[in-house]
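**Student:** Quick one: the structure is below, questions incoming.
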Amino acid sequence: MPVAASAIYFLNLRGDVLINRLYRDDVGGNMVDAFRMHIMQTKELGTCPVRQIGGCSFFYMRISNVYIVIVVSSNANVACAFKFVVEAVTLFKSYFGGAFDEDAIRNNFVLIYELLDEIMDFGYPQNLSPEILKLYITQEGVRSPFSSKPADKPVPNATLQVTGAVGWRREGLAYKKNEVFLDIVESVNLLMSSKGSVLRCDVTGKILMKCFLSGMPDLKLGLNDKIGLEKESQLKSRPTKSGKTIELDDVTFHQCVNLTRFNSEKTVSFVPPDGEFELMKYRITEGVNLPFRVLPTIKELGRTRMEVNVKVKSVFGAKMFALGVVVKIPVPKQTAKTNFQVTSGRAKYNAAIDCLVWKIRKFPGQTEPTLSAEIELISTIAEKKSSTRPPIQMEFQVPMFTASGLRVRFLKVWEKSGYNTVEWVRYITKAGSYEIRC
Amino acid sequence: MALSGMRGLSVFISEIRNCQNKEQERLRVDKELGNVRTRFKNEKGLTHYEKKKYVWKVLYIYMLGYDVDFGHMEAVSLISAPKYPEKQVGYIVTSCLLNENHEFLRLAINTVRNDIIGRNETFQCLALTLVGNIGGREFAESLAPDVQKLLISSSCRPLVRKKAALCLLRLYRKNPDVVNVDGWSDRMAQLLDERDLGVLTSSTSLLVALVSNNHDSYWSCLPKCIKILERLARNQDVPPEYTYYGIPSPWLQVKAMRALQYFPTIEDPNARRSLFEVLQRILMGTDVVKNVNKNNASHAVLFEALALVMHLDAEKEMMSQCVALLGKFISGREPNIRYLGLENMTRMLMVTDVQDIIKRHQDQIITLLKDPDISIRRRALDLLYGMCDVSNAKNIVEELLQYLSTADFAMREELSLKAAILAEKFAPDLSWYVDVILQLIDKAGDFVSDDIWFRVVQFVTNNEDLQPYAAVKAREYLDKPAIHETMVKVSAHLLGEYSHLLARRPGCSPKEIFSIIHEKLPTVSTSTIPILLSTYAKILMHTQPADPELQNQIWAIFTKYESCIDVEIQQRAVEYFALSRKGATLMDILAEMPKFPERQSALIKKAEDTEADTADQSVIKLRAQQQTSNALVVTDPRPANGAPTMNQLSLVKMPSMSNVDHNSADQGVTQENGTLSIVDPQPPTPSNGDFLDLLGPLAIEGPPGASVQSEHNLVSQVESSSNAEERLAIAPVGEQENTVQPIGNIAERFHALCLKDSGVLYEDPYIQIGTKAEWRAHQGRLILFLGNKNTAPLVSVQALILSPSHLKIELSLVPETIPPRAQVQCPLEVVNVHPSRDVAVLDFSYKFGTYVVNVKLRLPAVINKFLQPISVSADEFFPQWRSLSGPPLKLQEVVRGVRPMSLMEMANLFNSFRFMVSPGLDPNPNNLVASTTFYSESTRAMLCLIRIETDPADTTQLRMTVASGDPMLTFELKEFVKEQLVSIPTASGAPAPVPPQAQPSSSPTALSDPGAMLAGLL
C-alpha cells in the first residue's frame, strides 16, 4: 500500500487554513504557505490538480468553497490520494447531514479531527466506510458501561462487523415498512462540431440505491443490458425478446455485489448496506439518444457587430420535459451591448463569464425555441482575431429519460422472514459537458 | 482627490476591497468591465463627468493587474476636456495606460502641445508631466522645442519652468539625438543664474545630463556651478523652505558638485581657489549629529565633495584633511558612518599620494575586521587589501591570518584568497611566502582553493633555494596530529620532490618520510591518492639502489591500487609499478619536475573574476595592474623544453596521463596558452594571399596623403590610386600589430554607407563602430557609435580624424575607456568647403587586454552626401544645359568596363546618390538624365546636370556628360560617378577588352526633336 498523504489541509477560498492534520513529519508545517503563494494566488489555480513545489507534491481539489490539499514529499499514489479525498468527503457529508462547506467544517472541528485520526494512519488510508465508523465515532453521548441502567439495545460491536462476512451490514435491523429506492442517473457528455457531426459522445451512469429493509435481505437486479439478457436466454433456452439491449462498458460494482455469481450467472445479486449507497457505475459509448440538438448561426457584421441565432430542439418524447435548461453562448470579451429576442425562457449577458446565458425552466419535448441576439462590440487597441470561439455549453435535466435507454427489468428482494417490499424506480438524465462548437 | 463626488467609483472600490478571494474579485471586475463597455458604447454619448468616472474605474482595474484593452480612446479624449478635473484624469490615465510606442498617443500630441503653449499653467504642468513620463520619440520630436521655450521664458511661473526642465531632462535622456541642444550652453549658463532654487535644482539636473554627454560646450557653466556652491555653502543665501535640517538645499549642492566632476579639470586659478574654499568649508563644517536625517543629508554633500576633491587632484593638504575626516568616521559609533568612512577611504586609494596618510589608520581598520556588522568587516577587508603594499604587507597579512581563525565562514574563502594574493605580491622573501601559505592552508584548509597551493608548488619548483626550506616546513606540518587534506597534498608533493634534500636531518630518512605520509593515506579522498602514489614513486626513485623493505612496501601499495575503480589511481599504480622495476633507469624517468614557464598568477585572475565591478573594487584592480608582483617566479623561460605546456604535476611526459585533480590548473594553462597564441607578436606568415586580402581593405584607408598626391595626377588617377593602394597594402604588413580580424569587408561596408546614412562602419570581435548621419546642405552631423562588445572595458581608446582640405570636421571628445557592453556616441560636425572626392579617414585605436588595435577607416562623408535631388523640367533643363558649354564646365567621357546593369538599376543607383532622375526628358529611352544641387561653402547651391548615354548592345560602356557651374565640381562629380559605376565591388570586376568604338552622337534624328537638340548641344 503506497503512501497517500503526509498532510491534509482544508483551506477556504482565501487560502486560510480551516483545519489540518499532519500524518508524517517529512513535510514542514509551512508547506501550505507555499501552496497559497504559488498556486492559489496565481492564475494557474484550477489548471492542474497536481503540482510540485520545492520537493513537495500538492494534490488539491475544490469542493464547494473549500480546497482540500494533500501534501506529500515521497512518491505517492496520486489516484489513491484523490480517491481518499473523495471518500473522506462522502464520509463527512454523511456525518454532517449532506452539506460539506466552510461552515460545516467550522461547526464540526472536533468531529473532523476525530475522523481524520481514524481514516488515515501514518499516511496510509484506513476504513472510510460511514456505516462502520458511525459505530464508534458517534455524535451523541455514549452510555458508560458501569451505568446502572441497562442499555436499550445491545452495544454494536464494531470489530465483529468489520471482520464478519457481511462487513457493510449490521445484523438485526428492523423496519416497519420495507422499502427500496433505485435511481438511474446518467450524464451525457457531448462534443459536436459546428456542422452538426458528433465528435465525441458518451454517457456515464450510476445506479443509486436507498434501502430500508429488515434483516439480511438478498436482492437481485435485472437490467436490459446485453450480457445479462444473453445469459438469461441461454439459460432458459429461449430467444431474446425483441427490443433494445444495451452494452455497458467499464462496469464497477459496490463491494456488496456478489462477483462470483455475477461471473457465473451474469446477474447482479447483493446484500445491500443499510441506507444510501451507489450500487454500480457504467459507461456507454454507442447508441446514445441525445436529448437536445443545438443549431447555432453566428455572423460577424463588421468589426463591432455580431448576430447570434441559436435554435435548440428537444428530441425526447413529447410528453416528457426537461428542467433547468441553460444554454451558454460565448461572446467576445469586448462585448458592449446586447439585444435579445427569445421565443421562450429568458436570456441575459453575463460579463463575468463572457457568455449569453439563456435559461428555460421547463422545456417540453419535441419543441424548438430560438434565441436571436444582436451584439455590439467595443473597439479595442489589440486587434485580436475572433478565431478563438469557445463552444456553446448546455445544462439540463430530463427526468424519466435515459440517454442510454437502460431500463430496470426487475428487482427482486428475498429474505428468510419473507416480508413484502415496496420498490421505487426513477430515471434521470443530466448534462455532463454538453458542448456544441460554433 | 476629487473622488468624493463620485459615489459609483468609491462603491466599486470598496466592493473590490471587500472581496473574500481572488475569484470574487475577478467576477466583480469582469462585471464592471462589461458595464463600462456598455457605457462607452452608448450612442447618446457620455458627459465629461461620467467619462471621468468610468476612466477612473478602468485605471483602477488596470492597476489591479487585469488586462484592459479598451477605453484608451476615452482617456485620450478627456485630455482635451476644458475643465481641470477631467483633464487631470485624462493625463493621468493616458500616462499610465499607454506607452511611448502607442498609436493613440499621436492623437494626443496636438492637444498636449496646445496645453503646453497655452496660458493656463496648471494645464502646462499636467502636459509637461505627461510628456516627461511617456517621453517617446514622437513627443520629443514635436514638443522638445516648445518645452525648451517654456524653460527659458521669463513670463512663466517657477513651477512651470521647474517641470519644463525636468521634462526636457527626461526627453534628453531618452532620445539625446532628437532633442536639439546645440547652442544651449549660453542658455544653460543663463538658467544657472536663476534665483529660484526650485528651478535651479531642476536645471542643474538637466545640466548634469548635458555635461555628462558632452562637457566641451558647457565650460561657461562651470563658474556658475561654483557660484551656486558659494551661494549655498558659503553665503547660506537660501530661503528657509529650501533648507533641510538647516542644510541649504543639499540636493542642489550635490548636483552642482556632480556636474563639476564631468569637467576634466579646472584650470582657472580663481575658480579653483573659490571652489576649494567652498569644499574646505564643507569638509570642515560637517559633523556627526544625533539626527539621522540631518546626518544623511550632510553626508551626501560631504561625500560628493570628497569625490570632487579626488577628481580635482587637490593639493595634499586637502587630501590629508579628507582622510583625517574619514578616519574620524571610521572610529565613529554609528555603523552606517563607519561603513561610509571605509567605503570612501577605499575610493581615496585611487589618488596616488594619500596612501601614506591612509596607512596611519591601519590599526583602526584592522580592529574593524572584528566589527559585529559583516558588511563593515567586508569593507575593512577590501580596504586592507587595497592599501597593502611592500611596507605593510607583512603586518597586514599576519593580521589577516590571525583574523582567519575567528572570521565568519562566509568571509573565509575571500579572506584566504586575498591573503594569498597579498602574500604573493608583496612578499619580502619567498620563505615568508611559503610560510604564510602553509599557515593559511593549515588554518582554513576548506577555504583554500586549489589555485593557491598550485601556486606554492610553482614557486618552490622554480626557486631552488626555496626547496629545502619548503620541504622542512612540509615535514613539520605532517607531524601535526590532524591536518587538512590540502596540506596533505602540498606536503606530499613537496616531500616527494625534495625530501632527498633533507635526508641528513633527523626523522627525514626516506623510510620515515614514507611512513609519515603513508599514515595519511586512509584518511584522504580519491583526488589526493594519485599525488601520494606519485610521492611514493619519487621516494623510491631517490633511494636507488632500493631499500628492499621500503621497495616491497611501496610495491604492495601499487599492487593494491592496480585494481582501483578510479581510473586515474589505477593507471598511476600500474605505471609506477612497471617503472619502478626498471631499477637505476628510474632516475631518468622520474627526474625532478622541470620549471614552470612564467605565467600570470591564477589567483589574481580568479580574484578579478570574482570581484564585482563596483567602484572601490575597480580601484583595487587598477592598483593590481599598476604594481607588478615583485615576488613573481624567477625562472629561465625554456622554449627549448620539449613540452613546456606539460601538466603541472605529472611526473613524466605522458600524454595519456590526464590529471583529474589538476583540472583547474590545466584549464589555466590552456587558457593562457590560448591567449598567448593571440598575443603572439609574430605576424602570421606574410606573402600569404589570404592575409593580403585581409589587409587590403585596411590599407585602402591609408594616409590621406596618398590620395592628395594622386589628386594632382589628373589623367591616370584611377590607376595611380590603385597603385597607391598596392603600395600601401604592402607597407603595413611589417608594422601591423593587430591581428584582430575585422568582421565583414570594410570596403563593402564603406560603399554601402556611401549610399545610405546609417549602418555599421567597422566591426571586429571587440568593438563595433556604427554611424548615423544627417546632412543638411553643406553641413552634416555624423554620429559614431562605439560599442564595446565585451565584458571587459576597452581602454586607451583614441580616435583621430584625418580630414582632407575640403572638409572641416570637428570630432567631440572620445572617452578614453569604453565600459563593458556599453555604447559611446561621438558626434562629428562636418562642413563641406569645396567639392572634392577625397574622403576623411578615421584613425581609430584601442587597447583590449594586452594588444593594441589600430584601424584606419574611411568615413562616409563623400561628395554625394552634399547633394540634394532637384527635379528640373524640360524648360529649365535645356537652357541650363546649353549655357554650360564645353569644358571645363561641361565634361564628357566615355567610360568602359562599367558594371553591366539595366537602365532601371542605374536609375536606382543615381537616386541613391541623391540625383533626381528625370525620365522622359531625353527622347532616347536608353539615355538617362539626372539633376541635383550641390552644396558647399564656396559654391553654395550649385545645379548639376548629368546625362548618361548607354548602348543596349554593350552594357559595359557608356558615355557620360556632366555639367555644372563650377569646373572643379564638374570634374569631381564626373570622377565620382565614374568610380561608382566602375568600381562597385562585384565578382565580375575584370574589365573586358572593350572595342574602342565610341559612338559620338550616333543618333541622327530630326532637329526639331528635343533629343536632337540635346545631341546637337553635345
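**Student:** Can you list the aspartates and glutamates whose alpha carbon sits under 20 Å from that of B:Lys582, skipping same-chain ones fewer than 8 residues off?
**Tutor:** Filter leaves B:Glu497, B:Asp547, B:Glu549, B:Glu562, B:Glu592.
**Student:** Then there is this: Given 0.36 nm per residue, what is the gain on full extension from B:Glu398 to B:Glu979 after removing their alpha carbon distance, in nm?
**Tutor:** Difference between extended and current length: 201.8 nm.
**Student:** Do you know the relative contact order of region B:388-589, to the nearest whole percent, from alpha carbon pairs under 8 angstrom that are 6+ apart?
**Tutor:** So the answer I get is 13 percent.
**Student:** Can I ask one more? Order of A:388-395, A:422-429 by packing, highest average Cβ count within 10 Å first?
**Tutor:** Final packing ranking: A:388-395, A:422-429.
**Student:** With just the Cα atoms defining each centre, how far is region A:173-200 from region B:294-337? Give it in Å.
**Tutor:** Value for the Cα centre distance between the two parts: 85 Å.
**Student:** On average, how many beta carbons from a partner chain sit within 10 Å of the beta carbon of a residue in B:57-70?
**Tutor:** Average neighbour count from other chains, rounded to a whole number: 2.
**Student:** Under the classification rounded if a/c is under 1.5, otherwise prolate if a/b is larger than b/c and oblate if not, where does region B:239-375 fall, given a ≥ b ≥ c as square roots of the Cα gyration tensor eigenvalues?
**Tutor:** oblate
**Student:** Hey, how many Å between the Cα centroid of region B:852-910 and the Cα centroid of region A:1-38?
**Tutor:** The distance from the Cα centre of region B:852-910 to that of region A:1-38 comes to 81 Å.
**Student:** Oh, and also: Please check which bits of region B:259-286 a label hung off B:Ile152 would reach, taking the label as a point 7 Å along Cα-to-C-beta and the cut-off as backbone N under 14 Å.
**Tutor:** Under 14 Å, as judged by backbone N against the label point of B:Ile152, lies no residue of region B:259-286.
**Student:** Please go through region A:309-357 and write out the trypsin sites (Lys or Arg not before Pro) that DSSP classes as loop and that have at most 16 other C-beta atoms within 10 Å.
**Tutor:** Those satisfying the criteria are A:Lys319.
**Student:** Rounded to the nearest 0.05, what FRET efficiency is calculated for A:Val425 and A:Lys177 with R0 set to 25 Å and r the Cβ-Cβ distance?
**Tutor:** Rounded to the nearest 0.05, the efficiency is 0.90.
**Student:** Still on this structure: Keeping every protein chain present and rolling a 1.4 Å probe, give me the accessible area per residue for region B:1-97 in Å².
**Tutor:** With the other protein chains kept in place, region B:1-97 gives 48 Å² per residue.
**Student:** So which of B:Lys480/B:Lys511; B:Lys174/B:Lys847; B:Lys808/B:Lys974 end up more than 27 Å apart by C-alpha?
**Tutor:** The pairs that break the limit, which is 27 Å between Cα atoms, are B:Lys174/B:Lys847.
**Student:** So which trypsin sites (Lys or Arg not before Pro) in region B:359-455 end up in coil per DSSP with only 16 or fewer other C-beta atoms within 10 Å?
**Tutor:** B:Arg360, B:Lys370
**Student:** By the gyration tensor of its Cα atoms, with a ≥ b ≥ c the square roots of the eigenvalues, what is the shape of region B:102-207: rounded for a/c under 1.5, prolate for a/b over b/c, or oblate?
**Tutor:** oblate
**Student:** Let me ask you something else. Under 1.5 on a/c is rounded, so check that first for chain A, then, if it is not, pick prolate when a/b is larger than b/c and oblate when it is not; a ≥ b ≥ c are the square roots of the alpha carbon gyration tensor eigenvalues.
**Tutor:** Judged from the Cα gyration tensor, chain A comes out oblate (a/c at least 1.5, b/c at or above a/b).
**Student:** If one computes the Cα centroid of region B:919-970 and of region B:24-75, what distance in Å separates the two points?
**Tutor:** Result: 63 Å between the Cα centres.
**Student:** So, one more: Under a plain spin-label model, where a point goes 7 Å from the Cα along Cα-to-Cβ, how far apart in nm are B:Met318 and B:Ser391?
**Tutor:** Output for this residue pair reads 2.4 nm.
**Student:** Let me ask something else about it. Compute the relative contact order of chain A as a whole-number percentage, counting only Cα pairs closer than 8 Å that sit 6 or more residues apart in sequence.
**Tutor:** For chain A, the relative contact order is 15 percent.
**Student:** Same structure, new question: Multiply the residue separation of B:Thr122 and B:Glu141 by 0.36 nm, subtract the distance between their alpha-carbon atoms, and state the gained length in nm to one decimal.
**Tutor:** 4.5 nm
**Student:** Within region A:31-74, report the trypsin sites (Lys or Arg not before Pro) that DSSP leaves as loop and that have at most 10 other Cβ atoms within 10 Å.
**Tutor:** Sites meeting the loop and neighbour criteria: A:Lys43.
**Student:** Looking only at other chains, what is the average number of their beta-carbon atoms within 10 angstrom of each beta-carbon in B:24-34?
**Tutor:** Mean number of neighbouring Cβ atoms from other chains: 4.
**Student:** Can you give the FRET efficiency for B:Ser431 and B:Val524, using 1/(1 + (r/R0)^6), R0 = 35 Å, r = Cβ-Cβ distance, to the nearest 0.05?
**Tutor:** 0.85
**Student:** Something else now. Over the heavy atoms of B:Cys508, what accessible area does a 1.4 Å probe trace out, to the nearest 10 Å²?
**Tutor:** Estimated to the nearest 10 Å², B:Cys508 gives 10 Å².
**Student:** Cβ under 10 Å from B:Asn832's Cβ, B:Asn832 left aside: what net charge do those residues give with Lys, Arg +1 and Asp, Glu -1?
**Tutor:** Here the count lands on +1.
**Student:** What spacing in nm lies between the two simple spin-label points modelled at B:Gln364 and B:Ser212, each 7 Å away from Cα in the Cβ direction?
**Tutor:** Computed distance between label sites B:Gln364 and B:Ser212 equals 3.2 nm.
**Student:** Mean separation of Cα pairs under 8 Å and 6+ residues apart, divided by the residue count of region B:183-314: what relative contact order is that in percent?
**Tutor:** 26 percent
**Student:** Label A:Phe410 and B:Ser883 with points 7 Å out from Cα along Cα→Cβ: what is the distance between them in nm?
**Tutor:** 12.4 nm
**Student:** Ballpark to the nearest 100 Å², how much total accessible area do B and A bury together, probe 1.4 Å?
**Tutor:** 1700 Å²
**Student:** Give me a single rounded figure for A:373-380: the average over its residues of other chain Cβ atoms within 10 Å of their Cβ.
**Tutor:** 4
**Student:** Just going by the charge dipole of region A:230-331, with Lys and Arg at +1 and Asp and Glu at -1 on Cβ, which of A:Asn309, A:Gln234, A:Leu248 is farthest out on the positive end?
**Tutor:** A:Asn309
**Student:** Under a straight-distance cross-link criterion of Cα-Cα below 19 Å, which aspartates and glutamates are reachable from B:Lys163, leaving out those fewer than 8 residues away in the same chain?
**Tutor:** B:Asp115, B:Glu121, B:Glu141, B:Asp146, B:Asp193, B:Glu194, B:Asp196, B:Glu241
**Student:** Suppose R0 equals 45 Å; then what is the FRET efficiency for B:Ala874 and B:Glu774 from their Cβ-Cβ distance, rounded to the nearest 0.05?
**Tutor:** 0.85
**Student:** Could you give the accessible area per residue of region A:94-143, probe 1.4 Å, as a whole number in Å²?
**Tutor:** Per residue, region A:94-143 has 54 Å² of solvent-accessible surface.
**Student:** Still on this model: For A:Ser194, project a label point 7 Å along Cα to C-beta. Then give me every residue of region A:288-305 with its amide nitrogen under 17 Å of that point.
**Tutor:** From region A:288-305, the list is A:294-305.
The values are calculated or read from the model by the stated rules, or taken from the named source; none is laboratory data. Worth saying up front: this structure is predicted, and the values here are computed from it rather than measured. Glycine gets a Cβ as well: all are built from the backbone with ideal geometry, and neighbour counts include every protein chain shown. Surface areas here come from the heavy atoms of the whole protein model, side chains and all, with no ligands, DNA or RNA. Shrake-Rupley method; radii C 1.70, N 1.55, O 1.52, S 1.80 Å.
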